[in-house]
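Undergrad: A single structure is presented below for examination.
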Amino acid sequence: MESSKCPECGNDVSNQVKTCPYCGYEISKEDEQIKEKYNNLIHKNKKYIIALLCIVGCLFLIAAITRITNDEYKFYKQHYQECIDGYNDTKWTADSFSGGFFKNSYDSIASSYKDLADNDKKELWKFRIQAIALVCGGCGLILFGYTIYKKER
């Protein structure tokens with residue numbers, strides 16, 4: 001037996017009754033038609049909401065990809081590698097001197113390369129964390145939309 005909500009009090013009532021047993025409201029055919037239109041509108045809006053969730057989720061995924069493929073990210077990645085290479089070369093040169101003025105100079109240069117590499121690494125992780133957050137958000141929205149879609153079926 002199907003039931004619906006009373007337009008007056010909102011309680012579930014059988015579709016067979018003409019009067020709400022809770023509040024006494026007379027349920028007419030017109031009310032049932034309005035209720036059916038309302039339910040159809042809700043169903044139609046859910047389709048739009050599902051589509052919107054999936055579209056926004058996909059946009060999040062695209063934004064995540066652009067976070068780690070843009071020029072700024074590539075710059076930091078390349079600069080980081082150059083700093084690491086510079087650090088390794090300079091450290092090797094410093095270690096080849098047994099001591100004195102040149103060793104201290106090369107150690108200082110190697111330390112500068114290391115500091116630059118550490119700063120670049122922090123910047124790279126900012127991009128990566130943003131991309132991870134966008135992927136999680138995008139997948140979450142798509143999954144939420146899919147869950148609503150499965151409930152509708």
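The values are calculated or read from the model by the stated rules, or taken from the named source; none is laboratory data. None of the values given here were measured: they were computed from a predicted structure. For neighbour counting, all protein chains shown are included, and Cβ atoms are generated from backbone atoms with ideal geometry for every residue, glycine included. Heavy atoms of the whole protein, side chains included, go into the accessibility calculation; ligands, DNA and RNA do not. Shrake-Rupley method; radii C 1.70, N 1.55, O 1.52, S 1.80 Å.
Undergrad: List the pairs from K77/K114; K5/K46; K37/K151; K74/K114; K18/K46; K5/K44 whose alpha-carbon separation is above 26 Å, in the order I gave them.
TA: Details: K77/K114 14 Å; K5/K46 20 Å; K37/K151 20 Å; K74/K114 19 Å; K18/K46 30 Å; K5/K44 19 Å.
Pairs exceeding 26 Å: K18/K46.
Undergrad: Something else about it: For P(r) over Cα pairs in 5 Å bins from 0, in percent, the listed values are [x] 1, 9, 15, 16, 16, 14, 11, 9, 5, 2, 0; [y] 2, 10, 21, 25, 23, 14, 4, 0; [z] 2, 9, 10, 9, 7, 7, 7, 6, 6, 5, 5, 4, 4, 4, 3, 3, 3, 2, 2, 1, 0; which was obtained by calculation from the structure presented?
TA: Correct label is [z].
Undergrad: Can you give the FRET efficiency for D85 and V56, using 1/(1 + (r/R0)^6), R0 = 41 Å, r = Cβ-Cβ distance, to the nearest 0.05?
TA: Here the calculated transfer efficiency is 0.50.
Undergrad: Next question, about the same structure. Can you pull the percent of segment 7-95's accessible area that's carbon plus sulfur, 1.4 Å probe, other chains left in place?
TA: Details: 3730 of 6610 Å².
In segment 7-95, the share of accessible area belonging to carbon and sulfur is 56 percent.
Undergrad: Picking from D118, D85, D12, which is most flexible by a Gaussian network model of the chain using Cα springs under 10 Å?
TA: Looking only at D118, D85, D12, the biggest GNM fluctuation is shown by D12.
Undergrad: Considering only the other residues whose Cβ falls under 14 Å of the Cβ of N88, what net charge follows from Lys and Arg at +1 and Asp and Glu at -1?
TA: -3
Undergrad: Take each of the peptides 69-81, 50-62, average the number of other beta-carbon atoms within 10 Å over its residues, and list them starting from the highest.
TA: Details: 69-81: 13.4, 50-62: 15.8.
Top of the packing list down: 50-62, 69-81.
Undergrad: Express in Å², to the nearest 10, the accessible area of T66 obtained by rolling a 1.4 Å probe over the protein heavy atoms while all chains stay in place.
TA: Rounded to the nearest 10, the figure is 70 Å².
Undergrad: Rounded to the nearest 10 Å², what accessible area does R128 have for a 1.4 Å probe in the complete protein model?
TA: Here the residue's solvent-accessible area equals roughly 70 Å².
Undergrad: Shifting gears a bit: Provide the per residue accessible area, probe 1.4 Å, for the chain, rounded to a whole number of square angstrom.
TA: Values: 11290 Å² over 153 residues.
Here the per-residue accessible area is 74 Å².
Undergrad: Now for a separate question. With a Cα-only, solvent-free Debye model of segment 68-153, what are the log10 I(q)/I(0) values at q = 0.14, 0.15, 0.17 Å⁻¹?
TA: -0.63, -0.68, -0.76
Undergrad: Suppose only helical runs count, i.e. DSSP H with n ≥ 4. What mean residue ellipticity at 222 nm does that imply for the chain under -39500 (n - 2.57) per run, divided by all residues and rounded to the nearest 500 deg cm²/dmol?
TA: On the way: 3 runs with 117 residues, N = 153.
Taking each H run of at least 4 residues, the total per residue is -28000 deg cm²/dmol.
Undergrad: Work out, step by step, the length gained on full extension between F97 and T66: first 0.36 nm times the residue separation, then minus their alpha carbon distance; give nm to one decimal.
TA: Roughly 6.6 nm would be gained on extension.
Undergrad: Using DSSP H assignments, which helices in the chain have an axial alpha-carbon span of 30 Å or above and a mean Kyte-Doolittle hydropathy of -0.5 or higher?
TA: Numbers: long enough: 29-67 (56 Å, 0.13); 71-96 (37 Å, -1.67); 101-152 (77 Å, -0.11).
Those that pass (Cα extent of 30 Å or more, hydropathy at least -0.5) are 29-67, 101-152.
Undergrad: As an exercise, use a Förster radius of 30 Å and the Cβ-Cβ distance of R128 and I42 to find the FRET efficiency, rounded to the nearest 0.05.
TA: For R128 and I42, the calculated efficiency is 0.15.
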